[in-house]
Amino acid sequence: MFAAAQRNAASGVAPAEGAAKTVVTVYANGFTVGDGPFRPSDGDAANAAFLRDVSRGLIPRELEEQASGDGAFNLELVDKRGDQYEPPAYVAFSGGGQTLAAAGESAGAEFGGGGGGAPIEKPVVDDAAPKTTLQIRLANGKRIRATLNLSHTVGHLDAYVREEGGAGQAYVLLAGFPPAPLADPNATLEAAGLKGASVTQKLK
């Protein structure tokens, strides 16, 4: 399937300017469409039909509504066939009786736009102390990586978001699966269960 799709992509047709774009990431055991859920490649007729359309250079039926008026559509394939898909790790929060399923966005600390108190400066990382790297997806779609010590706080994490231009409007930071707001800017990354986590900025 992947080889056939690559041959179609190399057929000389240039990407359509202004057309919708969808990223399909192909793993050894299935695929994802954009930020959607993992879809196994075996045992599901709809998933098999999706991959068959992609291999033929066709717009999968479920994506047809995203095409422009002239039918133009850009599909980007990301090759991770050497990796098995693994779901995001569950992130546990301490204290307060909060659960990921029950926590609403109103329970999260508000950052940016004058929220969250005085901004914290971007921290200095101590290479001799335990540290972790977090994946951060900003509200504008940009993705960044932040390396921090486990003793740094959620507020320090927010300093990275602010530095990337994310402080002009109020927002919350979400983490875990399902995503839940980070409620305490003074909590350490270790206490908040954020070791190696993925964090998303969502405007309020």
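Sorting Glu86, Glu62, Glu76 by accessible area puts them as Glu86, Glu62, Glu76; the probe is 1.4 Å, largest comes first, and only protein heavy atoms count.
Taking each of Lys80/Lys202; Lys80/Lys204; Lys80/Lys122; Lys80/Lys195 in turn, the alpha-carbon distance tops 31 angstrom for Lys80/Lys204; Lys80/Lys122.
Rolling a 1.4 Å probe across all protein chains gives Lys142 an accessible area of roughly 100 Å². Calculate the all-directions average of the projected area of region 110-203's alpha-carbon convex hull, and give it in nm². Answer in nm², one decimal: 5.3. For Arg52, the accessible area of its heavy atoms, probed at 1.4 Å with every protein chain present, is near 110 square angstrom.
Summing charges over neighbours of His156, with a neighbour being any other residue whose Cβ is under 15 Å away from its Cβ, gives -2 when K and R count +1 and D and E count -1. Length gained on full extension, Lys80 to Ala128: 13.9 nm, using 0.36 nm per residue less the C-alpha separation. With contacts taken as Cα pairs under 8 Å at a separation of at least 6 residues, region 110-203 carries a relative contact order of 37 percent. Of the whole protein surface, Val23 contributes about 50 Å² of accessible area at a 1.4 Å probe radius. Of the peptides 29-38, 187-196, the ranking by mean beta-carbon count within 10 Å, highest at the top, reads 187-196, 29-38.
The values are calculated or read from the model by the stated rules, or taken from the named source; none is laboratory data. No experiment lies behind these values; they were computed from the predicted model shown. So basically every Cβ, Gly included, is an ideal-geometry build from the backbone, and we count neighbours across all protein chains shown. Remember, those area values only see protein heavy atoms, side chains included, never the ligands or the DNA or RNA. Shrake-Rupley method; radii C 1.70, N 1.55, O 1.52, S 1.80 Å.
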